[in-house]
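**Student:** Shown below is the structure under consideration.
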Amino acid sequence: MKRPLIWGGIALLLAVAVFLVFDGGGRWIERRQYLMGTLVQIKATDDGAISAAFGEMVRLERLTSKEGEGELAQLNREARAGPVKASDELFSLLEEALQYQELTRGKFDIALGKLVDLWGFGEEGSEVPSAEQIERLLGERGVSLDRANKTVKLDRNSKLDLGGIAKGYAVDRAIQVLKDRGVEAALVDAGGDIRIYGSRPERFFSHRRFKIAIQHPRKESQILGTVQLSGDRAIATSGDYQRYFVRDGIRYHHILDPATGRPARGCISATIIAPTALVADALATGVFVLGPTEGLELIEKFPGVEGIIVGSAGEIHKSSGLNNLRLVY
Ligand code: AMP
Ligand code: MG
């Protein structure tokens, strides 16, 4: 064989080796599990770490369920009678949730459990409750936290429902488990509450940022658009198409306006991009209830937070950082 050919071959092999090293090259594993009322998907390069992340989410499903044997359910059974001691973790989560309640002037509300049960969204035979039934549950829904003693006390009509924030929290915790195990890149998606970090271990340097599709709120098989995320970012969407029933041509969905006890009517979807999934989840629900105008005002107050809101007439509102984002509708 001639020398130039040998050198050419060696150079090519070296180039391929360098390419593979810089390309990351780990195998992208994808697993799914039904959790917290939705299909959770985790993508990462380490199967053991994925199992640990799912394990953490199973623990949090129990901790944050309003029914069953977990701690939140226990508070719901006992804290109306008097203050009940909470674990540090649940107490902190409740404190954080109440901050969003304040920021949204009460539109994000974690004490709507009885009203959510009354509507029974999506369950077999859901019916529109009477005005009287709703009225009865509107008042006396306070939640008192005693920071010194870490106790929780609920008013007569309060039932804690963390449905608007718990998935975000669980996604953040799953991401932390993956990071703690040295995983360099991952995606955790709990039914549209998504967080990513690192860059996809894709071959050939292409598409290394995460491309996330936002579901079209009315055309089931279409997307509203895509956003590219990189670094460590989260995105969550609240929509009137996720859990609902239709009676006499009217859509009754699962996100309630605490002022009326009825489905909020200002938006059909609200998507939030934020540094953590908890922030994205809580703000998506809160902004959905606030409606486009006040919702955008709130988004603009947070550095590093952006939003895409589809108003009730189908019109699209984007926060200032997304001016160049192209969306279809
Ligand atoms: P999400 O899909 O994150 O917007 O959360 C919706 C869930 O949060 C509902 O299924 C209820 O369990 C709960 N929820 C309903 N209305 C509200 C509200 N105004 N504030 C906070 N949580 C709510
Ligand atoms: Mg939410």
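Just so you know, all these numbers are worked out from the coordinates, no wet-lab data involved. Being a predicted model, the structure only gives us computed values, none of them experimental. Methodologically, a virtual Cβ is constructed for each residue, glycine included, from the backbone with ideal geometry; neighbour enumeration extends over all protein chains shown.
**Student:** Counting only C-alpha contacts under 8 Å and six or more residues apart, can you give the relative contact order of region 233-309 as a whole percent? Don't jump to the answer; show the numbers that get you there.
**Tutor:** Numbers: 139 pairs, mean separation 25.8, N = 77.
That works out to 33 percent.
**Student:** Given the options M57, P201, T285, identify the residue whose Cα lies farthest towards the positive end of the charge dipole of the chain (+1 on Cβ of Lys, Arg; -1 on Cβ of Asp, Glu).
**Tutor:** Going by the charge dipole, the pick is P201.
**Student:** For region 191-329, what is the relative contact order in percent, using Cα pairs closer than 8 Å and at least 6 residues apart in sequence?
**Tutor:** Values: 276 pairs, mean separation 29.0, N = 139.
Relative contact order comes out at 21 percent.
**Student:** Which log10 I(q)/I(0) values does the chain give at q = 0.11 Å⁻¹ under the Debye formula, counting every alpha carbon as one identical point scatterer?
**Tutor:** One equal scatterer on each Cα of the chain leads to -0.74.
**Student:** Pop out the ³J(HN,Hα) list for region 137-145 in order, Karplus 6.51 cos²θ - 1.76 cosθ + 1.60 with θ = phi - 60°, rounded to Hz; leave Gly and Pro as x.
**Tutor:** Calculated HN-Hα couplings, in order: 9, 6, x, 6, 10, x, 10, 10, 10 Hz.
**Student:** Between V40 and residues 5 or more places away or on another chain, which pairs have amide H atoms under 5 Å apart, with H built 1.01 Å from N, and which residues are they?
**Tutor:** Q33, Y34, L35
**Student:** For the chain, the longest stretch holding no GluC sites (Glu not before Pro) located in a DSSP loop with at most 13 other Cβ atoms within 10 Å is which? All intermediate terms of the calculation are to be shown ahead of the outcome.
**Tutor:** Numbers: sites that count: E67, E69, E123, E124, E127, E140, E220, E315.
The segment 221-314 is the longest one with no such site.
**Student:** What chymotrypsin sites (Phe, Trp or Tyr not before Pro) in region 164-232 are in a loop by DSSP, with at most 14 other Cβ atoms within 10 Å of the Cβ? Please report the intermediate quantities before stating the final value.
**Tutor:** On the way: sites: Y169, Y197, F204, F205, F210; in loops: none.
Listed in order of number, the matching sites amount to none.
**Student:** Right, another one. Write out the trypsin sites (Lys or Arg not before Pro) in region 27-116 meeting two conditions: DSSP loop, and at most 10 other Cβ atoms within 10 Å of their Cβ.
**Tutor:** Details: sites: R27, R31, R32, K43, R59, R62, K66, R77, R80, K85, R105, K107, K114; in loops: R27, K66, R80, R105, K107.
Within region 27-116, the qualifying trypsin sites (Lys or Arg not before Pro) (loop, at most 10 other Cβ atoms within 10 Å) are R27.
**Student:** I need the phi-derived Karplus couplings for region 188-195: 6.51 cos²θ - 1.76 cosθ + 1.60, θ = phi - 60°, integer Hz, Gly and Pro marked x.
**Tutor:** Karplus values, whole Hz, x for Gly and Pro: 10, 10, 9, x, x, 8, 10, 9.
**Student:** From a point 7 Å beyond the Cα of Q74 in the direction of its Cβ, which residues of region 89-130 have a backbone N at a distance under 14 Å?
**Tutor:** Residues 89-91 qualify, since their backbone N sits under 14 Å from the label point.
**Student:** For the chain, what relative contact order do you get, as a whole percent, if you take Cα pairs closer than 8 Å and at least 6 residues apart? Let's see the in-between values first.
**Tutor:** Numbers: 628 pairs, mean separation 53.6, N = 329.
For the chain, the relative contact order is 16 percent.
**Student:** Going by how many other Cβ atoms sit within 10 Å of their own, how do V116, V128, V279 line up, fewest first?
**Tutor:** V128, V116, V279
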